[in-house]
Every structure is written in C-alpha cells, then in structure tokens.
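Notes follow the structure.
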Amino acid sequence: MAVAADGTMTNDANSPADENGTAGSAASDQMTANQNGVLGYARSQQGRRVLLIVAAAATIALMIGIWMWSQKVEYRVLFSNFNDRDGGSIVASLQQMNVPYKYSEGGTAILVPENMVHDARLKLAAQGLPKGGNVGFELMENQKLGISQFLEQVNFQRALEGELARSVQSLSSVQTARVHLALPKASVFVRDQQKPTASVVLSLYPGRFLDGQQVSAIVHLVASSVPELSPKAVTIVDQNGNLLSDTTKQTQTNTLDPTQLKYVQDLQQDIVKRVESIIAPIVGNGNVRAEATADVDFSRTEQAAETYKPNQTQDTAAVRSKQSSEASNSSTGTSGVPGALTNQPPAPATAQIVNPVPPGQAGAAGTPNGAAPAPTASGNSRKDETVNYEVDKTVRYTQQPMGGVRRLTVAVVVNYKRTIDNTGKIVMRPLTEAERNQISDLVKEAMGYSKDRGDSLNVVNTQFSTDLEPELPLWKQPNMIELAKEIGKYVLLAAVLLYLYFGVLRPIIWKLSGREERERLAKEKAEAEAAAAAAAVAAGFDPDDPDAIVSLSGSDAEIDERAQYKANLEIAKQWAKNDPKLVASIIKAWVNNE
C-alpha cells in the first residue's frame, strides 16, 4: 500500500495480487469492448469525433431544410378551364422554356411558380396560346385542293366567329366568349331575302359585370363586323343565363347613364368641398359637415316661336310693294247697228219744218227753240291702286343645353365654438346670430346660390356628439391577422435556427476544433495556480516577496509539479495532525515492504 500524490492510499503495483487484479480488469475491459463493438468505438476519442462530425452535418442539413421550407415556392394559376388540345400545347411550351409546373386537383388548371406567372403568360401569348378553342382566319390558310363551296362557307363562318370571340375576350371583364352567327343563304328574290342574326355567350370573371354601355359596345362590335347585321338582331347572354341585350331594359336604363350619375356626384362633391374649405378656417377643421343635392336636367330642349305684332298705321307701316293701274275709253261720230244700212253714205241735208216754239219754252227734244240736239262724245275711265304692307313678326329658336342645374339644396352643420372661460377650462358655446349669418352668406357664395332657381340652404349650429365608434386597435385592423401570421412564421424560423446554431452546432464545432479542451485546461491551470499560491502561503512564503515569486516561477510543468507537491504536503500534514495512528500504520507498512 502506498500514499498517492494526492494523498490517497493505494496498493503497490508490484504485488502479485495487484498484478492478478490488473490482468483480470484488462481482460474484462477487452471482453466488454468486444461485446459492445460500435458502442466501444463510439466511446473512444476517434469515435466521438466522428459522431460530432455527423451531428454537425445533420444539424446543418436540418437548418438548410428549415430555411428551404420557409422559402417554399408558391404556385399560382397560369391558365384554367382550357381544352385538352390547348393544355397539351401549353405543357409542351413550358417544358421547352424549363418552367416548372404542376396541375391542380382534377387537372382543371396549370400552376407555375408565382414569380414566373406573368413571364410565362407573355411568352405563351406570343405563341398564340391558349387558343381557347376559337380558330380565326388562320383556318383559311390551309385549304385543301378540291374543297366544296359549302365547306368554304362553313370555314369562313367559323373563322369569322372565332375572330369575333377573340375580340370580345379582349375586354377586361370577359373571361371567355362564344359567338354564333346565322348567315342566311343569298337569294335573287327580294321577298325571300333574310337578314343575318348573331348570338354571343359571355363568361365573366368572378365579381365583375358589364354595364349598359359595355353591352351596347359588344352589340355594335358584332353588328359592324357582319354585313347587313342590325344591332337589334344581336343577342348577348352571360354564363348565368341573363339576357344582357334586352332592348326594353336598355330603354329603361337610358335615364340612368353612368356618366350622368358620375357628373351629378362630382358636382355635389365639388360643392361640399368648396363649402367645407371656406368654413373650416373659421370654425376649425373637423367642426363642419356639409352635404349637397343637385337636381340636374339632362333633357335636351328645343323651342321655336313666331310672334306677330298688331296692325300698324299707314304712316308707320313699311310698304312692301305698291301697284297702280289707270284706263280710259272715249268715242265720237255715228253709232248704230253694224250692217249694210250703216255703211250707206249720208243723205243730203234737208231743212225740217217744225212748229215754232214760243220763246222761253223748250222744244220736244229738250233743246232751246226746239232745235235738234248736237251730237256729243261718249267714254269711260278706270283707276286701280294696290299697296302691300310688311307684317311684323319675330321668329325665336331656343335650344337648352343638357346638364343644366335646376335646383341646389345644401345642408351645413357647424359645431359649437370652443372658448376658454374665466377658470381656464375649455367650454363649448353656440354661435351668435351674426356668426351664423356670416357663415350662411359665405356658403351661398361658395355654392352659387340663386333665388330665382329656387335653391335651398340650411345652416344648423349644434354640438357634435363625441360618442363615436372607437377606432379599431392595430391587431384588429383588416389584413393584420395575415400580416401577423407572416411575421410569426419568420420569427419562429429565426428562433429555431438560432437555437440549432447556438445550442447544437456551435458546441459541436468547439469540440471538433479543441476549443472546449483548451478552455478546460485553462480552467485547471488557473485552479492549480490558485492551489500553488495557497501552498506558498502555507509554506511560509510571503506573496509580496520577490524571492517567493522567483521560487514559484519556471515553466508551466514545473509550476504545476511544485504546486501539486506543496498541496499534497499540506494534506499529509493535516492527516498527521488529525489522525496520527493512520499515518503511523502507513509508515510501518512502507518499512515492512522495504
């Protein structure tokens, strides 16, 4: 038995019993190692190093897998609801472009990575894909020799329908479209001629619809593309079976033109904006509310009037035309009945013996002294005059423009005015009459008030209610839940990666690089130096004495050896002091062995 350097009692290795025990222990260890196999190799230094390398590789692979999972590519729909022919062409083109793809459930859609959707669509569109089952005039490029006239007409109709469908599908709200044309056969008889008709079936995107103007645009697009096709002969139906081209419905909705409604809304909003902008500097922002209603006349009015003035006098009237005519007729000599007797020369003159007429009495013929009347001349005259005066009249033609304002109605609510009382508190007081009149006058000027038009204005001064709906907190805002989930995903990913690095990977790296062993040795060295210092103090050296410092100097191995020796010496002294019998028996055993 011997006392070890650390003060413990051990048996001498030279004794036979120790040799037998050591040989048996070695055999047992060898047997255990042979039995354990891999476990024994794993406990060795080289095995532990291999296991550390494997653990580090597994940890790095796990971190890479977690990172790749977080960066998983999201697939989006490239095309859906396509026919088999277009699907095959699209897949072949994607394979040529090395674009990864997969099918959705049921194979109704082709999915590609989210960052490649738009690029793939543009490249496929350059190739004319998808065709959507509609063929255009490219159908006429490969005409077979000897084709009949009927087949030529059918192909032409198919091509025309396909081109129209493509044009309709170019609208933003239309997903797919099909056009059916009914083109009657031409006839030489006028009474047997028939007009063509057309039907369009639209499939709209979810949540979208067509207004009246868009439907009318599609109708006129189809009608303008087919000769002699009237817009009334075009029927448009959506995917739900709703008749969009109903003429009666269009007639009813003509009064609700979206552009007219937008004009009214813009007009009302402009009035409200002007009123609030001119009142806000007086009462403060947020203390005024205004609403306006505009009655707009969109009817187009044309008026023609013709007015005649009363008759005027000849002096003031304007002469338009004046016409006068004068005729006179006078005749002398023989008169009688035309004939042979009248044309006879006159007979010789003879004196006629008549009874004397007393003076102062007229003759039988009414001549004085009864003498025969002398022949006299006879004739007539006529004078006509016509004067035309201008008739006064006024012709007025008036055309009222559409969109005129018939009446404006504006309502304004103004909050109480904030003031500070004598105590320094903020109080709310109503506006004075002068202040209300001032605000009313400003509003009238801003809105363009017209009394002749019958405009109405109502200004109310009242205290605003503070019992308003509270603003939603940040975590209840729309889309905040999705944003929180996205942020939580990356936070969790960062926490897992940090744990794997600092908790698993870095200790393994330290073990592989020997840093942990160096730290352990440094710690043991520090403990040994502390023990040596304690032994020096116990041996009577003064720590502040330079000689003591020199005695403790030397290489690291010497310092460790001296420190260990002094520490063991102090332990032996303590045992000798505390248990002298044990020390005596140990010394006796040493003497007997010698």
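The values are calculated or read from the model by the stated rules, or taken from the named source; none is laboratory data. Model, not experiment: these values are computed from the prediction. In this analysis, Cβ positions are derived from the backbone assuming ideal geometry, glycine residues included, and neighbour counts consider all displayed protein chains. We work out accessible area using only protein heavy atoms, side chains counted, and drop any ligands, DNA or RNA first. Shrake-Rupley method; radii C 1.70, N 1.55, O 1.52, S 1.80 Å.
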Can you send over the solvent-accessible area of residue 316, 1.4 Å probe, protein chains only, in Å² to the nearest 10?
90 Å²
Mind giving me the FRET efficiency for residue 295 and residue 153? R0 is 41 Å, r the Cβ-Cβ distance, nearest 0.05 is fine.
0.10
Please give, to one decimal in nm, the separation of the simple spin-label points placed at residue 303 and residue 489, each 7 Å out from Cα toward the Cβ.
6.9 nm
At 7 Å along Cα-to-Cβ for each site, give me the label-to-label distance between residue 127 and residue 216 in nm.
4.3 nm
Can you tell me the FRET efficiency between residue 450 and residue 246 if r is taken as the Cβ-Cβ distance and R0 is 51 Å, rounded to the nearest 0.05?
0.80
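If you rank 230, 170 by how much accessible surface each has, with a 1.4 Å probe, what is the order from largest down?
Heavy-atom accessible area, descending, gives 170, 230.
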Shape of the range 144-229 from its Cα gyration tensor (a ≥ b ≥ c, root eigenvalues): rounded if a/c is under 1.5, otherwise prolate when a/b > b/c, or oblate?
oblate
Between residue 435 and residue 228, with labels modelled 7 Å along Cα→Cβ, what's the label distance in nm to one decimal, could you check?
7.9 nm
Residue 49: accessible area at probe 1.4 Å, nearest 10 Å²?
120 Å²
Could you work out how much longer the chain between residue 570 and residue 509 gets when fully extended? Use 0.36 nm per residue separation minus the Cα distance between them, nm to one decimal.
17.9 nm
Name the shape class, rounded, prolate or oblate, that the alpha-carbon gyration tensor gives for the range 162-307, where a ≥ b ≥ c are the square roots of its eigenvalues, rounded holds for a/c under 1.5, and otherwise prolate holds if a/b is larger than b/c and oblate otherwise.
oblate
Stretchable slack from residue 167 to residue 420, in nm (0.36 nm times residue separation minus alpha-carbon distance)
84.1 nm
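Multiply the residue gap between residue 55 and residue 102 by 0.36 nm, knock off their C-alpha separation, and tell me the result in nm, one decimal place.
13.3 nm
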